Amino acid sequence: METRRNLTLHTDLYEINMIETYWRQHVATRKAVFELYFRKLPFKNGYAIFAGLARIIEYLEQLKFTNDDLDYLKKIGYQADFLNYLAQYHFSATVRSVPEGAVVFANEPLIQVEGNIVDAQLVETAFLNFVNYQTLIATKAARIKNVAGDDLLLEFGSRRAQETDAAFWGARAAYISGFDATSNVKAGEKFGIPVSGTHAHSLVQAFGSDYAAFKAYALTHRDSVFLVDTFDTLQSGVPAAIKVAKEFKNQTNFLGVRIDSGDMAALSKQVRYQLDQAGFEDAKIYASNDLDERTILNLKMQDAKIDVWGVGTKLITGFDQPALGGVYKLVAMEDAHGHMRGTLKLSNNVAKISTPGKKQIWRITRKDDTKFKGDYIATAEENLRTAGQIELFDPEHPYMNQTIRDFKAKPLLQEIFKHGKLIYSQPKIAEIRRYTATALERLWPEYKRQLNPQEYPVHLSRKLYQQKIALIQQIHQTL
Ligand SMILES: Nc1ncnc2c1ncn2[C@@H]1O[C@H](COP(=O)(O)OP(=O)(O)OP(=O)(O)O)[C@@H](O)[C@H]1O
Ligand SMILES: O=P(O)(O)OC[C@H]1O[C@H](OP(=O)(O)OP(=O)(O)O)[C@H](O)[C@@H]1O
Ligand SMILES: O=C(O)c1cccnc1
């Protein structure tokens with residue numbers, strides 16, 4: 001594992017300024033609860049896949065103002081007494097999170113930070129940075145997996161990613177959502193993700209011909225996948241691949257060929273024919289070139305003979321939606337008398353008004369079924385395990401409700417840090433990947449389709465809803 005980086009100053013300046021205000025105004029030790037959520041599902045998808053927790057854990061374990069950090073803060077004008085306070089700082093909050101790889105929806109608290117206001121405020125920027133990116137890429141990857149089915153999916157995005165962290169944390173997010181391997185060797189080392197690769201056009205250019213390049217590669221590697229489109233796929237690339245595979249039958253394990261340009265439906269059928277005629281029925285056809293869920297689906301509809309899909313740019317950059325837009329909001333704060341009070345930010349846009357109070361998300365299934373029936377966001381005090389029935393109440397249509405009795409309810413938010421101490425044992429990456437696959441199996445197909453998916457029901461408990469309305473009224477009265 002690489003030397004972990006301290007990212008304490010990876011925060012917006014205003015967080016440090018607010019911390020200074022809390023400290024100087026003697027409210028730094030007051031308790032606060034913040035929740036992280038997004039308001040709208042990305043890519044017009046019917047669900048999102050949550051990722052970013054492993055990065056949060058790594059970050060929190062390093063959270064501390066170092067001497068270098070303090071020197072810099074001094075240089076930009078902070079006073080010695082405040083710097084002494086920061087020098088003593090250590091994170092002591094409780095952090096709850098939904099598990100990585102979970103299927104999640106808009107307006108659900110994915111992370112909850114409960115601690116003093118300083119702890120909760122300091123981590124905002126980094127938490128949002130990690131979760132916004134990784135959840136976006138995991139969701140994009142799940143859409144691609146959804147159309148690729150059981151075909152092998154390779155993540156090829158590093159060269160096009162927005163810098164190094166995006167490349168390898170993105171590779172991890174893609175793996176969680178069902179990609180089979182990554183080309184990024186660092187991600188393989190750091191996370192234990194399988195690594196996989198073919199070769200580039202430069203190899204063919206360097207050796208001057210398809211045949212010379214494939215032969216050189218076969219002489220130096222056991223497994224080979226030859227890139228056949230440098231000069232002419234059907235006239236030169238595939239015939240050269242076949243020739244080398246035959247000549248070096250005992251030295252190389254000829255896995256297949258990769259196509260990276262042209263009409264990949266027509267080409268793949270002709271390549272398949274050539275390989276089969278030569279007796280290489282087991283050789284696989286790899287394809288890459290600006291692929292995403294739309295092109296893969298389209299190529300499948302054209303009956304393209306492609307077995308393995310290499311996906312780069314459009315996955316790793318979240319090409320058609322570059323930001324998830326997750327937010328981190330204060331939902332409760334201790335007042336001067338030691339009482340926790342729900343807080344919210346009013347907005348003209350009703351959808352933007354946050355829901356006050358510390359919450360829990362419950363995932364509901366019927367007792368006789370494994371499919372998810374809906375989610376239920378309740379106050380942290382409500383315990384659905386002991387409730388005989390629940391009223392599924394839709395805050396946007398408060399007159400429509402449904403009561404269910406034979407249900408199972410599973411809380412999604414789990415304690416990760418308790419009073420600053422890591423108490424969560426992180427699952428292995430392969431386990432997270434399986435968890436995602438199982439969760440997606442448990443989601444009805446109408447929420448998984450790519451085009452115009454149905455909206456998955458996310459209900460608010462009546463108590464939570466009433467608290468919200470009461471607080472809005474109370475704020476209006478004091479304006
Ligand atoms: N049969 C097909 N149906 C739909 N899309 C396709 C098909 N074949 C290829 N594509 C996609 O169409 C796009 C075509 O890419 P582009 O115009 O760059 O052509 P190209 O052959 O790759 O050219 P270049 O030689 O410059 O790389 C790519 O995103 C590719 O994945
Ligand atoms: O198209 P993407 O989904 O982003 O997948 C990654 C791309 O990266 C490589 O191309 P590149 O032109 O960088 O290298 P090359 O010279 O080997 O073709 C590869 O051949 C893919 O086309
Ligand atoms: O291994 C490959 O074929 C590969 C790796 C990165 C980008 N494009 C292709």
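Val225 - would you say it is of a type outside the set (Ser, Thr, Tyr), crowded, with 22+ Cβ neighbours inside 10 Å and away from ligand 3 (no atom under 13 Å from the Cβ)? Judged against the criteria, Val225 is not a match. Across the range 304-316, the number of residues qualifying as open to solvent by 20 Å² or more (accessible area, probe 1.4 Å) and either part of a strand (DSSP E or B) or more than 10 Å from ligand 1 (Cβ to nearest atom) (or both) comes to 2. Of all residues in the range 294-322, those being within 16 Å of ligand 3 (Cβ to nearest atom) and more than 23 Å from Pro42 (Cα to Cα) number 3.
Of all the numbered requirements in (1) outside any helix (DSSP H, G or I); (2) farther than 30 Å from Met301 by Cα; (3) of a type in the set (A, V, I, L, M); (4) within 15 Å of ligand 2 (Cβ to nearest atom), Val257 misses one, and that requirement is (2).
Is it the case that Gln426 is over 22 Å from Leu36 (Cβ atoms) and either in contact with a His (Cβ under 8 Å, 6 or more places away or on another chain) or open to solvent by 40 Å² or more (accessible area, probe 1.4 Å) (or both)? So Gln426 does not fit the description; no. Residues that are open to solvent by less than 40 Å² (accessible area, probe 1.4 Å), assigned to a loop (DSSP other than H, G, I, E, B) and within 15 Å of ligand 2 (Cβ to nearest atom) are absent from the range 296-303 altogether. In the range 153-178, of all residues being more than 16 Å from Ala51 (Cα to Cα) and more than 15 Å from ligand 2 (Cβ to nearest atom), the one that is most open to solvent (accessible area, probe 1.4 Å) corresponds to Glu163. For the range 281-288, indicate whether the set of residues that are surrounded by fewer than 16 Cβ atoms within 10 Å (Cβ to Cβ) and out of contact with any Phe, Trp or Tyr (no Cβ under 7 Å at 6 or more places or on another chain) is non-empty. Checked the range 281-288: at least one residue is surrounded by fewer than 16 Cβ atoms within 10 Å (Cβ to Cβ) and out of contact with any Phe, Trp or Tyr (no Cβ under 7 Å at 6 or more places or on another chain).
Leu291 passes every criterion in (1) within 12 Å of ligand 3 (Cβ to nearest atom); (2) under 30 Å from Lys44 (Cβ atoms); (3) of a type in the set (A, V, I, L, M, F, W, C); (4) outside any loop (DSSP other than H, G, I, E, B) apart from (4). Condition check: under 16 Å from Gly52 (Cβ atoms) and either among the charged types (D, E, K, R) or surrounded by 24 or more Cβ atoms within 10 Å (Cβ to Cβ) (or both). Does Val118 satisfy that? No: the conditions fail for Val118. Each residue in the range 18-62 was checked for being crowded, with 19+ Cβ neighbours inside 10 Å and assigned to a loop (DSSP other than H, G, I, E, B), and 8 pass.
Of all the residues in the range 374-408, those that are outside any strand (DSSP E or B), in contact with a Phe, Trp or Tyr (Cβ under 7 Å, 6 or more places away or on another chain) and over 23 Å from Ala102 (Cα atoms) number 1.
Which residue, of Ala51, Ala80, is in contact with a Lys or Arg (Cβ under 9 Å, 6 or more places away or on another chain) and free of Cβ contacts under 8 Å to residues at least 12 places away in the same chain? It is Ala80.
In this structure, Met264 does not satisfy being of a type outside the set (S, T, N, Q), surrounded by fewer than 14 Cβ atoms within 10 Å (Cβ to Cβ) and within 10 Å of ligand 1 (Cβ to nearest atom).
Just the residues that are assigned to a helix (DSSP H, G or I), open to solvent by 10 Å² or more (accessible area, probe 1.4 Å) and more than 22 Å from Asp151 (Cβ to Cβ), please, taken from the range 179-205. Within the range 179-205, Val185, Lys186, Glu189, Lys190, Phe191, His201, Ser202, Leu203, Gln205 meet the criteria. Give Leu479, Leu471, Leu413 a once-over and let me know the one that is open to solvent by less than 30 Å² (accessible area, probe 1.4 Å) and either without any contact (Cβ under 8 Å) to a residue 24 or more places away in the chain or over 23 Å from Gly101 (Cα atoms) (or both). Exactly one residue qualifies, and that residue is Leu471.
The values are calculated or read from the model by the stated rules, or taken from the named source; none is laboratory data. Model, not experiment: these values are computed from the prediction. Virtual Cβ from ideal backbone geometry, glycine too; neighbours counted across all protein chains shown. For the accessible areas, the whole protein counts, side chains as well, though only heavy atoms, and no ligand, DNA or RNA atoms are used. Shrake-Rupley method; radii C 1.70, N 1.55, O 1.52, S 1.80 Å.
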